[in-house]
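The values are calculated or read from the model by the stated rules, or taken from the named source; none is laboratory data. These numbers come from a predicted model, not from an experiment. Don't worry about glycine lacking a Cβ; one is built from the backbone with ideal geometry, like all the others, and counts go over all protein chains shown. These accessible areas exclude ligands, DNA and RNA; they are computed on the full protein's heavy atoms, side chains included. Shrake-Rupley method; radii C 1.70, N 1.55, O 1.52, S 1.80 Å.
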Amino acid sequence: MSNARSRLRPTLPIVTGLAMLLVAVLPGRAAEPTAAGLWQKIEDGKPVVWVLVVDHHDGIFEGVIAKTFPEDPNEICAKCTDDRKNAPVLGISFIRNMKRDGLKYEDGNVLDPRDGKIYKAKMSVSPDGQTLTMRGYWGISLLGRDETWYRLPDTSMASVDPAIVAKYLPAQAPAAAAKLPPAPAPANAKKAATPVTPAAPAH
């Protein structure tokens with residue numbers, strides 16, 4: 001019996017060390033990839049749309065059309081029937097109420113700006129956080145189809161319209177505005193007795 005105890009003693013520090021390692025590693029599982037960020041949809045090897053997914057920090061995620069190819073700032077959702085009626089497609093909130101459950105996002109809905117139809121939707125993020133699968137469907141999930149989007153690097157955010165960043169990511173708006181070129185001074189600035197305020201940019 002004493003021999004058995006003596007053989008167990010050297011293993012105890014190893015077991016204790018492994019247990020401590022597991023405790024240190026397990027909390028990292030909570031930091032699994034999130035859908036928040038900028039994603040790109042590709043068709044025939046070319047980008048079609050950029051989607052900005054926003055984390056509202058209450059378990060609810062929203063998706064916004066951040067860039068289209070080709071970009072048409074005059075395109076509107078003429079067939080929308082809710083608060084998005086006649087809203088510009090660029091910057092429109094087209095994914096709403098996605099509830100996060102780990103790598104899955106469910107109970108949401110997705111708008112098709114082309115016809116104004118709203119479908120039930122769910123999403124899932126790959127374990128490496130580099131792809132996002134969106135599924136829109138009628139009634140049950142089987143009656144739908146998947147789209148796979150690819151994560152863009154954080155530097156791509158500089159190419160997103162600052163107005164969209166200001167609306168959906170206000171905390172990042174000052175940084176985005178700092179990257180804009182300064183507004184040109186009015187031609188009569190030197191002659192004017194009072195400062196001239198530049199016109200607000202058109203949206």
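Is it fair to say TYR119 is part of a strand (DSSP E or B), closer than 15 Å to ASP146 by Cβ, among the hydroxyl-bearing types (Ser, Thr, Tyr) and under 16 Å from the mean Cα position of the chain (by Cα)? No, not satisfied.
Any idea how many residues of region 86-108 are of a type outside the set (Gly, Ala, Ser) and part of a loop (DSSP other than H, G, I, E, B)?
Quick first cut of region 86-108, residues of a type outside the set (Gly, Ala, Ser) only: 86, 88-90, 92, 94-101, 103-107.
Imposing the further condition that a residue be part of a loop (DSSP other than H, G, I, E, B) reduces the set to 86, 89-90, 92, 103.
Here the count works out to 5.
Taking the numbered list (1) part of a strand (DSSP E or B); (2) open to solvent by 30 Å² or more (accessible area, probe 1.4 Å) in turn, ASP83 passes all entries but (1).
When both residues are 6+ apart or on different chains and their Cβ atoms are under 6 Å apart, which pairs have a first residue that lies in region 48-65 and is at pLDDT below 95, and a second that is open to solvent by 30 Å² or more (accessible area, probe 1.4 Å)? Between residues of region 48-65 that are at pLDDT below 95 and residues that are open to solvent by 30 Å² or more (accessible area, probe 1.4 Å), the close pairs are GLY59/LYS99; GLY59/ARG100. The single condition among (1) out of contact with any Cys (no Cβ under 8 Å at 6 or more places or on another chain); (2) assigned to a strand (DSSP E or B) that LEU111 does not meet is (1).
Being open to solvent by 50 Å² or more (accessible area, probe 1.4 Å), of a type outside the set (S, T, N, Q) and in a strand (DSSP E or B) is the filter here, so list the residues in region 131-151 that pass it. Once the filter is applied, which keeps residues that are open to solvent by 50 Å² or more (accessible area, probe 1.4 Å), of a type outside the set (S, T, N, Q) and in a strand (DSSP E or B), region 131-151 yields ARG145, ASP146, TYR150, ARG151. When region 44-80 is filtered for residues that are open to solvent by 90 Å² or more (accessible area, probe 1.4 Å), of a type in the set (D, E, K, R) and closer than 24 Å to SER124 by Cα, the ones remaining, listed by number, are ASP44, LYS46, ASP58.
Taking the criterion of being closer than 19 Å to ALA163 by Cβ, in contact with a helix residue (DSSP H, G or I) (Cβ under 7 Å, 6 or more places away or on another chain) and in contact (Cβ under 8 Å) with a residue 12 or more places away in the chain, would at least one residue in region 103-126 satisfy it?
Here is the first cut: in region 103-126, the residues closer than 19 Å to ALA163 by Cβ are 113.
From the residues that got through so far, the ones that are in contact with a helix residue (DSSP H, G or I) (Cβ under 7 Å, 6 or more places away or on another chain) too are none.
There is no residue in region 103-126 that is closer than 19 Å to ALA163 by Cβ, in contact with a helix residue (DSSP H, G or I) (Cβ under 7 Å, 6 or more places away or on another chain) and in contact (Cβ under 8 Å) with a residue 12 or more places away in the chain.
For region 152-172, the set of residues classified as touching a residue at least 60 places away in the same chain (Cβ under 8 Å) and open to solvent by less than 60 Å² (accessible area, probe 1.4 Å) consists of LEU152, SER156, MET157, VAL160, ALA163, ILE164, TYR168, LEU169, listed by residue number. The set of residues in region 100-116 being under 22 Å from LEU38 (Cα atoms) and open to solvent by less than 90 Å² (accessible area, probe 1.4 Å) consists of ARG100, GLY102, LEU103, TYR105, GLU106, GLY108, ASN109, VAL110, LEU111, ASP112, PRO113.
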